[in-house]
Amino acid sequence: MTWYSDFGPRRTRQIIGDVIALGLIAGWVWLGLAVYTLIAGLATFGRQMEEAGRGFSATMTEAGTTLGRVPLIGGGIKAPFASASSAGVSLEAAGQSQQVAVNQFALGLGIGIAALPIIMILLLWLLPRIRFARKSGQLKAAVRAGVGVDLLALRALATQKVSTLSTIDPDAMAAWRRGDPGVMRALAQLELKSSGVRLRER
């Protein structure tokens with residue numbers, strides 16, 4: 001495939017278009033990452049909950065175990081601390097759930113913000129560039145293989161706009177049929193130029 005035209009002005013426009021498109025893609029990726037980072041930062045509260053719950057549970061468990069060793073009252077006083085330890089475990093689990101929810105939301109929103117514009121850019125920029133590259137590459141290969149001017153002229157008659165053809169000859173098809181060398185060469189050049197291929201002089 002040939003990505004750029006042989007003609008300077010069009011090649012310049014293609015290069016500028018590529019730079020702009022790649023810059024826009026990079027910009028949207030950056031914005032998506034920025035949004036993800038910003039929202040993911042809210043998971044800090046969940047981490048604090050998790051740490052607080054874990055610490056509270058460990059403290060209550062340790063206190064209950066220590067007081068449980070006290071003769072006579074140990075067995076009865078241990079139960080409230082066990083209940084408090086369970087509350088700490090619940091708080092820890094809630095903190096973990098909050099972190100997961102925030103991270104999932106941040107990831108989804110970040111991807112969503114970046115993905116749609118990038119898809120639109122690819123549709124509007126990359127697909128036409130690929131079509132150009134394929135057509136240009138095929139025609140260059142055909143020229144190297146020695147395809148005749150008459151065949152290129154016929155292709156121009158089949159693919160180019162009537163208004164464009166009329167600028168070469170009011171009845172370009174009739175000129176092609178009678179083998180007018182000037183018209184045929186002009187049609188061949190038109191077809192090649194539309195694909196960014198310069199017809200080399202022999």
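Measuring between their Cα centroids, the range 1-52 and the range 113-139 lie 17 Å from each other. For the chain, what is the number of Lys pairs with C-alpha distance below 22 angstrom, counting only pairs 8 or more positions apart or on separate chains? Taking the chain as the scope, the lysine pair count is 5.
Subtracting the Cα-Cα distance of residue 97 and residue 38 from their residue separation scaled by 0.36 nm leaves 19.4 nm.
Estimated at 0.36 nm per residue, the fully extended path between residue 20 and residue 164 surpasses their Cα-Cα distance by 48.9 nm. Among the helices of the chain, those built from whole DSSP H runs whose Cα atoms reach 24 Å or more along their own axis and whose mean Kyte-Doolittle hydropathy is at least -0.5 are 8-40, 43-67, 74-121, 127-144.
Relative contact order of the chain: 28 percent, from C-alpha pairs under 8 Å at least 6 residues apart in sequence. A value for Cα Rg over 2.2 N^0.38 Å was derived from the coordinates, and within the list (i) 1.39; (ii) 2.17; (iii) 1.15 it appears as (ii). Spacing of the modelled spin labels on residue 177 and residue 138, each 7 Å from Cα toward Cβ, amounts to 2.7 nm.
Calculated [222 nm] ellipticity per residue, helices only, for the chain: -27500 deg cm²/dmol; basis is -39500 (n - 2.57) per DSSP H run with n ≥ 4, divided by all residues, nearest 500. Our estimate of slack between residue 54 and residue 4, defined as 0.36 nm per intervening residue step minus the Cα-Cα distance, is 11.8 nm.
No lab work stands behind these numbers, since they all come straight from the coordinates. Note that this is a predicted model, so its numbers are computed, not measured. Ideal geometry is used to build each Cβ from the backbone, glycine not excepted, and the neighbour counts take in all protein chains shown.
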